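This report refers to the structure that appears directly beneath it.
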Amino acid sequence: MKKKRLNISHLHWGFPPIIGGVETHLTFLLPTLVQQGHKVSLLTCAVEGYHGEDEFRGCKIYRTPLMDLNWLFKRGLNAIENEVTQVFRDFIEKEKPDILHAHNMHYFSLAHANILANLAKAKGLPLILTAHNTWDDILFLSLMRSVKWTHIIAVSHFIKQELIGIGISHKNITTVHHGIDHKMYHPRVDPTPMYKQYPQLKGRRVLFHPARMGLAKGCDVSVKALRILKEKFPDIMLVLAGTKNIIDWGATQNKDIAYIVELVDFFKMRDNVLIDAYTLEDMPRLYTASCVCIYPSSSQEPFGLTILEAMAARKPIVVTRAGGMPEIVQDNINGFVVPPRNFDDLANRVRQLFVDQELRERLGSTGRAMVEEHFTKEIMTEKTLAIYRKFL
């Protein structure tokens, strides 16, 4: 029997050109829903130079400053309820969705979450939340416990366990791991455009840390490991993903970046580090230009979408034993897992991968196979649709 075509409205604080893990996730999920015959819309933040209404691969995009966290942080959240109510109501009345799906609205603003929940209840619409992160404060607890989410999607078993730990029933949470476009990220992508844009990469031993720059992502750990590796591999080039067009709630990102750049200069390694802001189109080429990928997160990383990108590109990756990352990377199977903030262990594993081509190929091939079997955007989308249908 043919399944009903659904009308699905999503809400999230950012979307490209805003870059981040959730934003990238949406670029995979939303078009795949469209390809499968569903009508899809997204309410997100305003971006200078972008229209208030636009389209992305068949998905209708609505933009408003009232979903811009950088602007909201400066403005403050006082007396914002009437404006948010009007924007949310207009969005729902225009799109007439069968289901509402919010991403990371269990943090930042109690007003936004409560207004959305009240409108969903009034319209009789299921309200799904995807928890891409957890936080340790009262606002997070209030939003998780007081808002009547119809069901919660956790992006990893780690996130699900964290939610259970604050009193959410396991029956109300389903883990749906991320999926990616494994045809976009694959080992046959031509890296030549990257060599033209960054000639310093040509002929170098490239170590790629694909997460956006910040201390929580372990970029300082990568720089300290580089100092050790440079002694044996003077041609090494550490590629760090600088940040432009990101959500920076609390305005801490620039401070982190300044420290990391100072650390590179302190160790006199400017010739061994490339820092720039890369587009989504650049990323597959950077993976194929790389020898090894690393993600030594210092925080409890909820998942780490770039892990899948590296695996799809058939690159071995070294991650830390933190959060949801060990659910994806199995030590000595498709990469290596090291303790958090241990730059010595990180350097040792990278050294091992640099000198052993057969090991790199074995781990990389296993990673690619795991993506094809478990972590495609189609698999992720089918699991998400199953949750929608359960509550319609």
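Bear in mind that the values in this text are calculations on the coordinates, not laboratory data. Predicted model, so just to flag it, every value in this text is computed and none were measured. Ideal geometry is used to build each Cβ from the backbone, glycine not excepted, and the neighbour counts take in all protein chains shown.
Which one, Asn82, Asn332, Asn70, has the greatest fluctuation when you compute a Gaussian network model over the chain with C-alpha springs under 10 angstrom?
For the chain, modelled as a Gaussian network with Cα springs under 10 Å, the answer is Asn82.
I want the antiparallel fraction of DSSP beta bridges within the chain, as a percent rounded to 5.
Values: 4 of 50 bridges.
In the chain, approximately 10 percent of DSSP beta bridges are antiparallel ones.
Quickly estimate the mean residue ellipticity at 222 nm for the chain, helices only: each DSSP H run with n ≥ 4 gives -39500 (n - 2.57), and the total goes over all residues, rounded to 500. Walk me through the intermediate numbers first.
Values: 15 runs with 169 residues, N = 392.
-13000 deg cm²/dmol, from helical runs alone.
Could you give the length gained by full extension between Arg145 and Ile228, i.e. 0.36 nm per residue of separation minus their alpha carbon distance, to one decimal place? Spell out each step's value before the answer.
Working: separation 83, 0.36 × 83 = 29.88 nm, distance 4.65 nm.
Extra length available between Arg145 and Ile228 comes to 25.2 nm.
When the convex hull of the Cα atoms of the stretch 63-106 is projected onto a plane and the area is averaged over all directions, what value comes out in nm²? Can you show the working numbers first?
On the way: hull surface 14.5 nm².
Over every viewing direction, the Cα hull of the stretch 63-106 projects on average to 3.6 nm².
Can you find, among Val371, Val47, Phe91, the residue farthest towards the positive end of the dipole of the chain? Put +1 on the C-beta of Lys and Arg, -1 on that of Asp and Glu.
Going by the Cα projections, it comes out as Val371.
Under 8 Å for C-alpha pairs, at least 6 residues apart: give me the relative contact order for the stretch 192-374, rounded to a whole percent. Before the final figure, lay out the partial values.
Values: 325 pairs, mean separation 42.4, N = 183.
Once normalised by length, the contact order is 23 percent.
Quickly work out the Thr192-to-Arg321 label distance, labels modelled 7 Å from Cα along the C-beta direction, and quote it in nm with one decimal.
Each label point lies 7 Å from its Cα, and together they span 4.5 nm.
Please report, largest first and rounded to whole Å, the three semi-axes of the ellipsoid equivalent to the stretch 45-85, where each semi-axis is the square root of five times an eigenvalue of the C-alpha gyration tensor.
Values: eigenvalues 105, 27, 9 Å².
Whole-Å semi-axes of the equivalent ellipsoid: 23, 12, 7.
Rounded to the nearest Å, what's the spacing between the alpha carbon centres of the stretch 54-83 and the stretch 157-184? Just the number, please.
Cα centroid to Cα centroid, the span is 26 Å.
Please work out whether the stretch 192-374 counts as rounded, prolate or oblate from its C-alpha gyration tensor, where a ≥ b ≥ c are the square roots of the eigenvalues and a/c under 1.5 means rounded, while otherwise a/b larger than b/c means prolate and anything else oblate? Mind showing how you got there, number by number?
Numbers: a/c = 1.29, a/b = 1.16, b/c = 1.11.
Rounded, because the longest to shortest axis ratio a/c is under 1.5.
Before anything else, pin down the relative contact order of the chain: Cα pairs under 8 Å, at least 6 apart, normalised by residue count, whole percent.
Details: 732 pairs, mean separation 62.3, N = 392.
Normalised by residue count, the contact order of the chain is 16 percent.
If you put +1 on each Lys and Arg Cβ and -1 on each Asp and Glu Cβ, how big is the dipole of the chain around its Cα centre, in Debye rounded to 20?
Numbers: 49 positive and 41 negative charges, 160 e Å.
Here the chain has a charge dipole of around 780 debye.
Once you list every other residue whose beta carbon is under 15 Å from the beta carbon of Pro284, what net charge do they have if Lys and Arg are +1 and Asp and Glu are -1?
Numbers: positive: Lys183, Arg188, Arg285, Arg314, Lys315, Arg368, Lys377; negative: Asp181, Asp190, Glu281, Asp282, Glu309.
Local net charge: +2.
Could you pull the Rg and Dmax for the stretch 4-93, using just the Cα atoms, both in Å?
13.5, 43
Listed here are the pairs Lys217/Lys268; Lys4/Lys94; Lys183/Lys230; Lys148/Lys255; Lys224/Lys377; which of them are more than 30 Å apart at the Cα? Working shown, then result.
Working: Lys217/Lys268 22 Å; Lys4/Lys94 20 Å; Lys183/Lys230 34 Å; Lys148/Lys255 37 Å; Lys224/Lys377 35 Å.
Result: Lys183/Lys230; Lys148/Lys255; Lys224/Lys377 exceed 30 Å.
Could you tell me which of rounded, prolate or oblate describes the stretch 148-214, using a ≥ b ≥ c as the square roots of the eigenvalues of the alpha-carbon gyration tensor, with rounded for a/c under 1.5 and, failing that, prolate when a/b is larger than b/c and oblate otherwise? If you can, show how the numbers build up before the last one.
On the way: a/c = 4.45, a/b = 2.80, b/c = 1.59.
Cα axes put the stretch 148-214 in the prolate bin.
Size of the dipole of the stretch 192-374 about the Cα centre, Lys and Arg at +1 and Asp and Glu at -1 on the beta carbon, nothing else charged, in debye to 20? Please report the intermediate quantities before stating the final value.
Details: 24 positive and 22 negative charges, 96 e Å.
Once rounded to the nearest 20, the dipole reads 460 debye.
Taking θ = phi - 60°, what integer Hz values does the Karplus form 6.51 cos²θ - 1.76 cosθ + 1.60 yield along the stretch 313-326, in sequence order, with x for Gly and Pro?
Per-residue couplings from phi come out as 7, 6, 10, x, 10, 10, 10, 9, 7, 8, x, x, 4, x Hz.
Expressed as a whole percent, how much of the Cα-Cα distance distribution for the chain exceeds 32 Å? Let's see the in-between values first.
Numbers: 26080 of 76636 pairs.
Cα-Cα pairs in the chain separated by more than 32 Å: 34 percent.
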